[in-house]
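Below is one structure, written out as structure tokens; comments come after it.
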Amino acid sequence: MQHVCTADPAPLVHDGRVYLYTGHDEDGSTYFTMKDWRVWSSADMVNWTDHGSPLALASFSWASADAWAGQAGQNPPEPAQGSLTHRLTSCAGCSAGHPVAWAAFDEGHIAAPQDGAPGDSGRTWVPQVVWTFFTQFQTSDPPPQTSTCRVSDTVSAWNTGLTANITVTNTGTTPVDGWSLVFDLPGGQTITSGWNATYAPASGRMTARNAPHNVLLAPGASVGIGFQATHTGNTSAPTAFTLNGTTCTVA
């Protein structure tokens, strides 16, 4: 589906095929300009048939907004209104080995929902759901890879605050031109300021990105970064780090 911009897919499985009902973002639009819905179907989740647009705003005399977030006729159960929770439904799919999973959340049109809270969150449940879905197809463990980075983290804490001094070393043989260090802050810690990198979001899964003056990390070279944070009692350091997606050795 690379020739049409689609959104908000809603699946329906019938007679050995999965039918995917989607929105349609108009070409060239800078916002959610959506005038019709599209339908696709597949028997193997690889090859898809385009059934065109069965419905559009013009199909309804009372419609005056956009053709947002359609729903399939055989809807899976959704969480109760006002519960701020998600509900996951899994089914066998259109054929053996092609399962379908549906996650519904009781809140607005957001990308990173968190149970019990409105709005996007760094503590969203979405990555875990996606990871669980795709790893079910893994038939063997991937071969071990040699780490090409090393991270040390020294924490100094007091009362309700702490500072963390982090050293990132490129242990590989090629330069790293532009880097992002990802780690999970322990619960209750919230970053208030930092140096030698930008940090976002303030809590949860953190991404520290290079500053303009330390973009390049040569083989064998290190960069020192750090931050100040508040805490609610847990002053431990993160236990794992990835540099541009590669898991680092923790010193």
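Where a number appears in this text, it was derived from the coordinates with a stated rule and is not lab data. None of the values given here were measured: they were computed from a predicted structure. Ideal geometry is used to build each Cβ from the backbone, glycine not excepted, and the neighbour counts take in all protein chains shown.
Couple of notes before you dig in:
- Shape call, segment 130-251: gyration tensor on alpha carbons, a/c limit 1.5: oblate
- Take every DSSP beta bridge whose two residues both sit in the chain; close to 95 percent of them are antiparallel.
- Cα extents for the chain along the principal axes, largest to smallest and rounded to whole angstrom: 63, 41, 36.
- Considering only Leu55, Leu162, Leu20, the mean-square fluctuation computed in a Gaussian network model of the chain, springs between alpha carbons under 10 angstrom, is largest for Leu55.
- When the helices of the chain are scored as -39500 (n - 2.57) per DSSP H run of n ≥ 4 and the total is divided over every residue, the value at 222 nm lands at -1000 deg cm²/dmol.
- When you count the other C-beta atoms within 10 angstrom of each residue and take the mean per peptide, 22-28, 216-222, 130-136 line up highest first as 22-28, 216-222, 130-136.
- Extension gain for Thr160 to Thr249 (0.36 nm times residue separation, less C-alpha to C-alpha distance): 29.1 nm.
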